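Q: Let me give you the structure first, and then I'll get to my questions.
Computed from the coordinates by the stated procedures, all read-outs in this text should not be read as laboratory data. As the structure is a computational prediction, the values presented were derived from the model and not from experiment. Cβ placement follows ideal geometry from the backbone for every residue including glycine, while neighbour counts extend to all protein chains displayed.
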Amino acid sequence: MADTPFKKIQIQREDTTFDAYVVGKEDAPGIVVVQEWWGVDFEIKNHALKISQLGTGFRALIPDLYRGKIGLDTAEAEHLMTGLDWQGAVMDIRASVNWLKANGSKKAGVTGFCMGGALTVASSVLVPEVDAAVAFYGVPPSELADPAQAKAPVQAHFGELDSFKGFSDVTAAKALEEKLKASGVPYEVHMYPGNAHAFMNRSPEGIQRRKEMGMPDEDEAAVQLAWSRFQTWMTSYLYS
């Protein structure tokens, strides 16, 4: 990590400590950036770096939910995600939000992609310190969190061609929208026509990986639109 702008830190949770990576101005609003099922790899670092540079800037923090492990192929990633203690992951996110607030950020939000998107929605329900949430293509299992109980404003993004049934397909997105409507919090659910799962991953390696998984769509306009909506949402709730 020495040649990157990320600073590696250790965060204390009630019962354990874990590594996290932070980038951005110390006094900027904080955003916890939650990994995909791959782990803390190049793509989630790309997203965190991008977030730290949006608008007037945010402080982005990636908690290492897998404790150093990374999935190099879909089988490994699925194995890691299946083995994850999801309630423990929510505790990691809460500790990360509180670390940001104790270290210069007046407000803090959460965002995440795929598995991290589902955990982001769960955090809006289970982590009272979260000031805003933006989830990309992921809905938590009902036994973890009921989005109808969300307490923070939630924006969510989904690809219309997403084939992960019950997790991030159109049906899951519509069900999430109904739940958020019932919660009474401010919310937006955006659907991107012609886009499959993980459409935000734009690095050369990420594009190649998506192609290998049968997701060849490349829609730069959708990605820019989603980032624009993200920036507007987080600026509105974290800078006010």
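Q: Taking the dipole about the Cα centre of region 60-185, with the C-beta of Lys and Arg at +1 and of Asp and Glu at -1, give me whichever of 145, 172, 84 is farthest to the positive side.
A: 145
Q: Further question: Please state the Cα pair-distance histogram of region 121-174 with 10 angstrom bins from zero: what percent is in each bin?
A: Over region 121-174, the share of Cα pairs per 10 Å bin runs 27, 53, 19, 1 percent.
Q: Provide the net charge surrounding residue 168, with neighbours chosen by a C-beta distance below 12 Å and charges set as Lys +1, Arg +1, Asp -1, Glu -1.
A: Net of charged neighbours comes to -2.
Q: How big, in percent, is the set of alpha carbon pairs in region 7-238 lying more than 30 Å apart?
A: Value for region 7-238: 15 percent of Cα pairs lie more than 30 Å apart.
Q: In addition: Want the number for residue 149 to residue 74: 0.36 nm per residue separation, take away the alpha-carbon distance, what's left?
A: 23.8 nm
Q: Would you mind checking 45/69; 8/45; 45/107; 151/181; 107/174 for any pair whose Cα atoms are more than 18 angstrom apart?
A: Listed pairs above 18 Å: 45/107; 107/174.
Q: Here's a follow-up. How do the peptides 67-74, 193-200, 232-239 rank, highest first, by the average count of neighbouring beta carbon atoms within 10 Å per residue?
A: Highest to lowest by the protection proxy: 193-200, 232-239, 67-74.
Q: What does the charge count around residue 155 come to, taking other residues whose C-beta lies under 11 Å from its C-beta (Lys +1, Arg +1, Asp -1, Glu -1)?
A: The answer is 0.
Q: For residue 67 and residue 84, calculate 0.36 nm times their separation in residues minus their Cα-Cα distance, and state this gained length in nm to one decimal.
A: 5.1 nm
Q: Right, next: Determine the percent antiparallel among the DSSP beta bridges restricted to the chain, to the nearest 5.
A: 30 percent
Q: Another question about this same structure. Tell me, what is the percent relative contact order of region 7-238, built from C-alpha pairs under 8 Å that lie six or more residues apart?
A: About 16 percent, as a whole number.
Q: What is the gain in length, in nm to one decimal, between residue 163 and residue 227 on full extension, counting 0.36 nm per residue of separation less the C-alpha to C-alpha distance?
A: 20.8 nm
Q: Moving to a separate point now. Ignoring everything except DSSP H segments at least 4 long, calculate the 222 nm mean residue ellipticity for the chain; use -39,500 (n - 2.57) per segment, divide by total residues, nearest 500.
A: It comes out at -12500 deg cm²/dmol, rounded to the nearest 500.
Q: Can you put 209, 229 in order, fewest other beta carbons within 10 Å first?
A: Ascending Cβ contact count within 10 Å gives the list 229, 209.
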